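Following: one structure in structure tokens, then a few remarks.
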Amino acid sequence: MNYADIKRIDVANGPGIRVSLFVSGCTHHCKGCFNPETWDFNFGELFTEKQIDEIISYLEPDHIKGLSLLGGEPFEYSNQQGLLPLLRKMKEIYPNKDVWCYTGYLFDENIVDEMMVKWPETRELIKYIDIMVDGKFVQELKDLNLVFRGSSNQRIIDVQKSLEAKEIVLWEGKGSLK
């Protein structure tokens, strides 16, 4: 897996001060994407143990709330495989820090009903994700007043509660939805 960027301090992609990883590779190619260079799976640099250790060290301070995964597309199969070592280590060391994941795939239709059925990597990866912002960015539905999402079709989903309830449970965090 390649990555485009690691932001040590990010306040735009989830609540609180976060570390964000932008992976490379996306097949959605949304019109108006804010990161089109990350569509290319070969963009950026190779994601290795060095970057995992770097992210783990960035997460150490108490004021860092968690990790956000963006892209590109974290749920492209090759990216799932690349993210697993990071999330395993992060949740082992920092079990109380949360993971937010932004994906163009739909949680229920694509991830639960398709990917989790055919790929063990997806079944493991989803265990580590607390909140997911799902759905492709739709330029015609762009709304700058939305919190933590770019277009009104996107949902902010509490992943673990949704898996337990076997239905979509939206995140009810402070300032979450209009």
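General remarks:
- Kirkwood Rh, angstrom, segment 48-163 [1 / mean 1/r, Cα pairs]: 14.8 Å
- Overall Cα dimensions of segment 1-115, principal axis frame, Å, largest first: 37, 30, 25
- For the chain, the longest site-free run once GluC sites (Glu not before Pro) in DSSP loop states with at most 15 other Cβ atoms within 10 Å are removed: 1-166
- Other residues lying with their Cβ under 12 Å from the Cβ of P74 contribute a combined charge of -4, Lys and Arg counting +1, Asp and Glu -1.
- Taking 0.36 nm per residue of separation and subtracting the current Cα-Cα distance, fully stretching the chain between S78 and K161 would add 27.3 nm.
- Segment 121-178: equivalent-ellipsoid semi-axes (sqrt of 5 x gyration tensor eigenvalues, Cα, Å): 22, 13, 9
- Taking 7 Å steps out from each Cα toward its Cβ at S57 and K142 produces label points 3.7 nm apart.
- Taken per residue, the accessible surface of the chain reaches 50 Å², heavy atoms only and a 1.4 Å probe.
- Pairs exceeding 29 Å between alpha-carbon atoms, taken from K7/K31; K7/K166; K50/K136; K97/K166: K7/K166; K50/K136.
- CD proxy at 222 nm, helix term only [per DSSP H run n ≥ 4: -39500 (n - 2.57); per residue of the chain; nearest 500]: -7500 deg cm²/dmol
- Net charge, V117 excluded, C-beta distance under 13 Å - Lys, Arg +1, Asp, Glu -1: -3
- Extension gain for E92 to L170 (0.36 nm times residue separation, less C-alpha to C-alpha distance): 25.5 nm.
- Using 0.36 nm per residue and subtracting the Cα-Cα separation, the extra length available between E114 and A12 on full extension is 33.7 nm.
- Translational diffusion of segment 23-82, µm² s⁻¹ [Kirkwood Rh, Cα pairs; Stokes-Einstein; 25 °C; 0.890 mPa s]: 193 µm²/s
The values are calculated or read from the model by the stated rules, or taken from the named source; none is laboratory data. Computed from a prediction, not measured in an experiment: that's the story for all the values here. Methodologically, a virtual Cβ is constructed for each residue, glycine included, from the backbone with ideal geometry; neighbour enumeration extends over all protein chains shown. The protein model used for the area step is the full one, side chains on, heavy atoms only, and it has no ligands, DNA or RNA in it. Shrake-Rupley method; radii C 1.70, N 1.55, O 1.52, S 1.80 Å.
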